[in-house]
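Report on one structure; see the data block that follows.
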Amino acid sequence: MVSHVGYRADAKEELSVTDHALAGAVSGMITRTLAQPLDVLKIRFQLQVEPIARKGGGLYQGILQSVAMIIRMEGVSALWRGHVPAQILSLTYGMAQFGSYALLTKAASQSGVGEGLMSRGACGAVSGVCATLASFPFDVIRTRLIAQGKPKRYNGLVDGVTKMVREEGVLCVWRGIVPTLLMSVPYSGLTFYFYSIFDALSSRLVAYDREQHWMNTAAVNGTAAGVCAKVCVYPLDVLKKRLQIRGFEEARKQFGKVVAYPSAWKCLVCVTQEEGLAAWFKGLWPSLLKSGISTGIIFFSYEATCRILAKAHNTKNAKADDR
């Protein structure tokens with residue numbers, strides 16, 4: 001099976017950019033629904049100043065303990081807190097990322113740049129910029145909704161956006177955009193780069209019929225790509241989350257120590273000095289778990305949606321030919 005991720009000159013059927021964007025939106029929605037609890041855990045860990053360990057002094061001390069704590073204090077639904085803006089985020093991000101990636105890889109291939117790993121990595125990086133700019137405000141409000149304790153300051157997406165803009169100004173929905181771009185560019189590029197590597201390796205080393213086992217291939221390649229890319233950029237993800245709650249720190253009193261960072265540089269210095277270098281990897285395990293699972297689901301559902309669209313186009317063309 002030739003992968004549908006990006007443009008490929010040797011593909012039997014060529015999907016349009018709209019098809020790729022639609023497949024990206026579908027894959028983003030499916031993945032978000034299944035992986036949201038892991039995202040909640042990751043963000044809670046990233047925002048906790050105290051160590052994520054037993055007797056570390058913070059509310060959260062490990063994955064299982066934290067899940068039990070959240071359910072006991074806030075109910076099972078808290079594991080999907082911020083799901084509506086997160087779903088919009090995933091839909092918008094997936095649509096922009098895969099749509100622009102298909103457009104960019106096609107342009108690169110047809111201009112003579114080729115379809116090599118470096119070319120796909122570069123196209124993936126640019127698609128990450130497009131996706132981030134299109135979806136970032138939803139990322140900020142999602143982080144706020146997940147980060148808040150009780151009593152809640154925000155009662156949902158609309159209430160949250162309204163209060164944020166009224167109390168902090170329009171620019172507050174772009175807080176953390178610089179570290180986010182610094183993270184999303186290499187992360188998106190590395191994800192597509194690693195996926196292309198693993199896809200090429202599986203086609204050469206695995207001796208089974210890829211057409212018959214395409215589901216396993218897409219899921220495994222996507223999982224491996226997500227884990228490798230996340231490890232490379234994780235500290236920037238922590239920095240982004242710390243900056244996104246500036247002006248919102250008091251809503252987190254029940255979770256432990258509250259620290260306000262006046263700038264990205266100050267945040268970088270304070271976290272390193274007061275919490276140590278290991279702080280930049282807080283929440284890494286749930287993040288790797290989430291990244292591996294979610295990226296596997298993303299590429300699996302993306303490839304599946306593309307196959308469905310390709311078959312639908314083929315059926316439509318066959319009927320048109322019969323006429």
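Take residue 78 and tell me if it is open to solvent by 10 Å² or more (accessible area, probe 1.4 Å), at negative phi and not acidic (Asp, Glu).
On the way: open to solvent by 10 Å² or more (accessible area, probe 1.4 Å): no; at negative phi: yes; not acidic (Asp, Glu): yes.
Judged against the criteria, residue 78 is not a match.
Here's the yes/no breakdown for (1) open to solvent by less than 70 Å² (accessible area, probe 1.4 Å); (2) modelled with pLDDT of 85 or more; (3) touching a strand residue (DSSP E or B) at 6+ places or on another chain (Cβ under 7 Å):
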site: 255; (1), (2), (3): yes, no, no
site: 261; (1), (2), (3): yes, no, no
site: 266; (1), (2), (3): no, yes, no
site: 271; (1), (2), (3): yes, yes, no
site: 276; (1), (2), (3): yes, yes, no
site: 279; (1), (2), (3): yes, yes, no
site: 287; (1), (2), (3): yes, no, no
site: 294; (1), (2), (3): yes, yes, no
site: 297; (1), (2), (3): yes, yes, no
(message) Residue pairs, Cβ under 9 Å, 6 or more apart or interchain, first in the range 86-104 and under 29 Å from residue 156 (Cβ atoms) and basic (Lys, Arg), second at pLDDT 95 or above and open to solvent by 20 Å² or more (accessible area, probe 1.4 Å). List them.
(response) none
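For residue 52, indicate whether it is in contact with a helix residue (DSSP H, G or I) (Cβ under 7 Å, 6 or more places away or on another chain), in a loop (DSSP other than H, G, I, E, B) and open to solvent by 40 Å² or more (accessible area, probe 1.4 Å).
On the way: in contact with a helix residue (DSSP H, G or I) (Cβ under 7 Å, 6 or more places away or on another chain): yes; in a loop (DSSP other than H, G, I, E, B): yes; open to solvent by 40 Å² or more (accessible area, probe 1.4 Å): yes.
Criteria met by residue 52.
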(message) Condition first: among the small types (Gly, Ala, Ser) and outside any helix (DSSP H, G or I). Now tell me which residues in the range 66-105 satisfy that.
(response) 75, 82
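Let's see how each residue does on (1) open to solvent by less than 50 Å² (accessible area, probe 1.4 Å); (2) modelled with pLDDT under 90:
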| site | (1), (2) |
| --- | --- |
| 139 | yes, yes |
| 161 | no, yes |
| 172 | yes, yes |
| 175 | no, yes |
| 182 | no, yes |
| 193 | no, no |
| 197 | yes, no |
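Within the range 21-49, which residues are buried (at least 19 other Cβ atoms within 10 Å of the Cβ), closer than 21 Å to residue 140 by Cβ and of a type in the set (A, V, I, L, M)?
25, 35, 38, 40, 41, 43, 47, 49
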(request) Could you grab the pairs with beta carbons closer than 6 Å, sequence gap of 6+ or different chains, first residue in the range 267-288 and of a type outside the set (A, V, I, L, M, F, W, C), second one outside any helix (DSSP H, G or I) and at pLDDT below 85? (result) 282/52
(request) Report whether or not residue 18 is open to solvent by 20 Å² or more (accessible area, probe 1.4 Å), among the polar types (S, T, N, Q) and under 18 Å from the mean Cα position of the chain (by Cα). (result) no
(message) Yes or no: the range 63-75 includes at least one residue that is open to solvent by 10 Å² or more (accessible area, probe 1.4 Å) and on the phi > 0 side of the Ramachandran plot.
(response) yes
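The values are calculated or read from the model by the stated rules, or taken from the named source; none is laboratory data. Just so it is clear, the model here is predicted, and its values are computed rather than measured. Note: ideal-geometry Cβ built from the backbone for every residue, glycine included; neighbour counts use all protein chains shown. Remember, those area values only see protein heavy atoms, side chains included, never the ligands or the DNA or RNA. Shrake-Rupley method; radii C 1.70, N 1.55, O 1.52, S 1.80 Å.
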